[in-house]
Each structure stands twice: as structure tokens, then as C-alpha cells.
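What follows draws every value from the coordinates through simple rules; no lab data is involved. Because the structure is predicted, anything quoted here is derived from the model rather than measured. Glycine also receives a Cβ, built like all others from the backbone with ideal geometry; neighbour counts cover every protein chain displayed.
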Amino acid sequence: MNHPIIALWSHPRSMSTAFERIMRARGDLDCLHGPFMYDYYVNRSTRQMPHFDAMDEHPKNYDAIRDMILARADDGPVFFKDMSYYVVPHLLADETFLNRVTHSFLVRDPRASILSYAKLDPDMLLEEIGLEAQWRHAEAVMARTGKAPVVVRSEAVQADPEGQMARYWDAVGLAHTPHALHWDDPAPADWQQVQGWHGEVMASSTIRPITPEQAARVSADFDGLVARHPRFGQYLEHHLPFHERLLRYAA
């Protein structure tokens with residue numbers, strides 16, 4: 001049986017792991033955490049990803065990872081969160097899998113995501129900011145389906161978790177499960193491979209809103225980051241237009 005496969009395509013530090021935590025707390029989905037990172041960082045060795053302890057048994061190349069996801073969907077509905085830059089353009093050439101997946105996209109203000117990313121991985125590449133690949137991916141999905149992509153703003157989820165998740169679940173064909181907005185179970189075992197990236201969400205029990213003070217501090221801190229390392233300003237300039245295009249489709 002072909003059960004649903006729902007993908008949340010994100011960019012680094014976009015709150016995607018917290019979003020995944022909500023989806024896991026539903027209890028009705030087989031959830032995977034960044035399966036295609038193995039193709040990008042291990043199989044193709046694009047660069048060394050810090051704070052990543054690869055599991056030997058995990059499939060490494062694109063085809064093997066795709067086949068693992070398809071096999072798991074034989075047993076029940078699957079949800080995974082991943083980065084578009086791991087799979088573009090490979091996925092766009094894989095018409096069968098592209099059509100098999102329900103695609104959705106999560107975006108965050110790139111000032112906030114770049115600032116957070118730089119604290120953990122100051123050597124990240126321009127491509128790894130991720131928003132250009134997300135737009136190319138969403139554009140391809142639109143061209144194929146003739147429908148607007150499902151785009152979610154992380155800031156909107158933080159401001160109104162229940163309302164935003166209800167809209168998301170409607171958009172991807174899932175039942176409403178408000179209980180999933182709170183969790184008290186231990187962090188998933190497969191997060192241990194990247195625990196250095198997710199300490200805050202691993203210790204959390206719900207989505208917390210951003211205060212105006214926090215938002216103002218992000219802007220000031222990003223300006224300080226650019227003053228010290230101008231390339232991050234160039235990264236923002238490159239990716240901001242793609243962020244703005246994606247926001248046109250956000251609820």
C-alpha cells in the first residue's frame with residue numbers, strides 16, 4: 001500500500017527540528033530526521049559537517065535513502081524533515097519520487113538563521129544557507145502540480161502554534177492533533193547523531209514565542225556579525241530574494 005510521504009523541506013536553523021518534534025508527538029507517523037544529509041555530507045563529501053556522528057547502518061547515497069523512505073511508506077505514513085540543498089537538483093530529476101512526496105517548506109528570517117548557524121558552524125558555505133535551493137525546489141513543485149507550494153513561516157508557528165499547525169495539517173492532509181504541541185517524552189534516538197545542533201529543542205517541551213526584545217537583539221547581533229565577518233552580509237544579500245519569493249506563498 002502506498003501510504004503518504006510528507007516532507008518538510010527547510011534550511012538550517014529554521015526551527016525545523018522543533019517542527020519535527022511536533023510531528024513525532026502526533027503518534028501516527030514514522031518520522032525521519034534529515035535522511036538525505038548522508039548523501040550530501042557522507043556520500044558526496046561536499047564538506048565536513050561539524051557535530052555530526054554518522055551512523056554506520058544508515059544508507060548513504062541518494063538512491064538508497066530514497067528507497068529506504070519508500071520501503072517505510074509500505075508499512076505506514078512517513079514524515080521526514082530535510083534540507084532542499086541536500087537533494088536539489090537530484091530530486092528534481094527523479095520524477096517518480098518527486099511526484100510521490102507531499103512537499104512542504106519551512107522558512108525563517110535569514111538574519112536569524114544565519115546568526116544561529118554561524119555560532120555552530122562559522123565555515124558554512126553559501127549554498128548551505130539553503131534558501132535558494134528551497135526556492136528552486138518549490139518552483140519545480142509548482143511547475144509540476146500547478147498549485148501553490150505549502151510554505152510555513154517559523155515565526156508564525158512561534159506566535160500561534162495551534163493555528164499554524166492546524167493550517168499545516170489541513171494543507172498536507174493530516175488530522176488535527178493539538179496534543180502534539182506539548183511533549184514530555186525523551187528526545188528521539190536518531191537525534192543523537194546531531195545532538196550538538198539541537199540541544200535547546202531536545203530539552204524543550206513545547207514551542208515558545210519570540211519576544212520583541214529577542215527579535216530586536218537578533219537584528220543587532222546580525223549587524224555585529226557582519227561587521228566582524230562581511231561574508232555573512234553577502235550570504236544574506238544572495239539568499240534574501242529567495243526568502244521573499246517563498247514568503248509570497250506563506251499563510
Under a GNM of the chain (C-alpha, springs under 10 Å), which listed residue has the highest mean-square fluctuation: Met124, Met83, Met37?
Met124
Fraction of alpha-carbon pairs in the chain farther than 33 Å apart, rounded to whole percent, equals 13 percent
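Would you work out the relative contact order for segment 38-114, in percent, from Cα pairs under 8 angstrom that are 6 or more residues apart?
Numbers: 31 pairs, mean separation 17.9, N = 77.
Once divided by the residue count of segment 38-114, the mean separation gives 23 percent.
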Please state the relative contact order of segment 36-76 as a whole percent: Cα pairs under 8 Å, 6+ residues apart?
41 percent
Taking the chain and counting helices only, DSSP H stretches of n ≥ 4 at -39,500 (n - 2.57) each over all residues, the nearest-500 ellipticity at 222 nm comes to -14000 deg cm²/dmol
Anisotropy class of segment 30-124 from Cα gyration tensor, a/c 1.5 cut
prolate
Counting only residues 5 or more apart in sequence or on a different chain, those whose built amide H sits under 5 Å from that of Asp160 are none
Quick check: from the Cα gyration tensor, does segment 83-130 come out rounded (a/c under 1.5), prolate or oblate?
prolate
Rounded to 0.05, the calculated FRET efficiency for the beta carbons of Trp183 and Ala156 at R₀ = 22 Å is 0.60
Once phi for every residue in segment 162-175 is put through the Karplus expression 6.51 cos²θ - 1.76 cosθ + 1.60 (θ = phi - 60°), the whole-Hz ³J(HN,Hα) values, with Gly and Pro written as x, are 5, x, 5, 5, 4, 5, 5, 4, 4, 5, 9, x, 10, 5
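With an 8 Å Cα cut-off and a minimum separation of 6 or more residues, compute the relative contact order for the chain in percent. Walk me through the numbers on the way to the answer.
Working: 359 pairs, mean separation 70.3, N = 251.
That works out to 28 percent.
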Cα shape, segment 1-50, gyration tensor, a/c 1.5 rule:
oblate
Going by amide H atoms built from the backbone, whose H comes under 5 Å of the H on Leu32, apart from near neighbours?
Phe79, Phe80, Lys81
Per residue of segment 95-112, what does 6.51 cos²θ - 1.76 cosθ + 1.60 with θ = phi - 60° give for ³J(HN,Hα)? Whole Hz please, x for Gly and Pro, Karplus curve as stated.
4, 5, 6, 4, 6, 6, 9, 8, 8, 9, 9, 10, 10, 9, 3, x, 4, 5
What is the antiparallel percent of DSSP beta bridges lying wholly in the chain, to the nearest 5?
5 percent
Partners for Lys119 among lysines (Cα-Cα distance below 25 Å; same-chain residues under 8 apart left out):
Lys81
